[in-house]
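Colleague: Right, I'll just put the structure down here and ask away after.
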Amino acid sequence: MNQLIKGLAMIKKTFDWVDGSLFLMIACAEFTDAYLDEQEIEVIIEKTDVFVSKLAGEGVGYSHQDVQEKFNKAFHWYTSIGENAAQHKIDQEIIKEVRRVAKSLKKEKWFTTDFGVLLITDLIEVAHADGEVIKNEQHAINMIARLWGVDTPFYDG
């Protein structure tokens, strides 16, 4: 078993909806233009805070460190693909993992179209954070929307 498969298998064992959602945000922001800028990171951290509060539950405290750990976990998951895949296959492996994560979230019993639309909205917000939503970001977000059976937010023509 190669390093990429071993690494992803380890991460998948502790995968939850927050990790998957953050992974998709990071992947859509970084993979599409090969750069994760400060504004995108700030928006993803804001989303992480909201997600961690929902994961913790009403009235349950959590810390900035909890939020940072969730972000770091998703970021490590994303970067481990590039660290472990053959150089000429990194893009293919990232796309494959984005598809797998999106499909995995959709298979959850609690997944609804409303959740899908909300997360697509979050992905769009991250894409807008650097001031420009490039075609690659639009295509990635549309791909996820199609996998979830929700309306695609961008024209693919």
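Read-outs: derived from the displayed coordinates by stated rules, not from any lab. Note that the structure is predicted; figures quoted are calculated from it, not measured. Counting neighbours? That spans all protein chains shown, and the Cβs are built from the backbone with ideal geometry, glycine included.
Colleague: Using alpha-carbon pairs under 8 Å, 6+ residues apart, how would you state the relative contact order of segment 1-130 in percent?
Modeller: 40
Colleague: According to a simple spin-label model (label point 7 Å from Cα along Cα-to-Cβ), what is the distance in nm between residue 136 and residue 154?
Modeller: 1.1
Colleague: Take the cross-link list 47/106; 47/89; 54/106; 73/106; 107/135; 47/103 and give me the ones stretching past 23 Å between alpha-carbons.
Modeller: Those over the limit are 47/89; 107/135.
Colleague: Between residue 147 and residue 69, with labels modelled 7 Å along Cα→Cβ, what's the label distance in nm to one decimal, could you check?
Modeller: Distance between the two pseudo-spin positions: 2.7 nm.
Colleague: Also, I was wondering about something else. Figure the gain on full extension for residue 16 and residue 110 (residue separation times 0.36 nm, minus the Cα-Cα span) and round it to one decimal in nm.
Modeller: 32.6 nm is the gain from fully extending residue 16 to residue 110.
Colleague: Dividing the convex hull volume of the Cα atoms of segment 3-148 by its residue count, what figure in Å³ per residue is obtained?
Modeller: Convex hull of Cα atoms, per residue: 109 Å³.
Colleague: Tell me what the chain gives for mean residue ellipticity at 222 nm when only DSSP H runs of n ≥ 4 count, each as -39,500 (n - 2.57), the sum divided by the residue total, rounded to 500 deg cm²/dmol.
Modeller: Estimated from H runs of four or more residues: -24000 deg cm²/dmol.
Colleague: Fewest Cβ neighbours within 10 Å first, please rank 62, 155 accordingly.
Modeller: Ranking 62, 155 by Cβ neighbours within 10 Å, fewest first, gives 155, 62.
Colleague: If I model a spin label at residue 54 and residue 83 as a point 7 Å from the Cα along the Cα→Cβ vector, what separation in nanometres do I get?
Modeller: Those two pseudo-labels are separated by 2.9 nm.
Colleague: Using 0.36 nm per residue of separation minus the Cα-Cα distance, give me the extension gain between residue 39 and residue 121 in nm, one decimal.
Modeller: 27.9 nm
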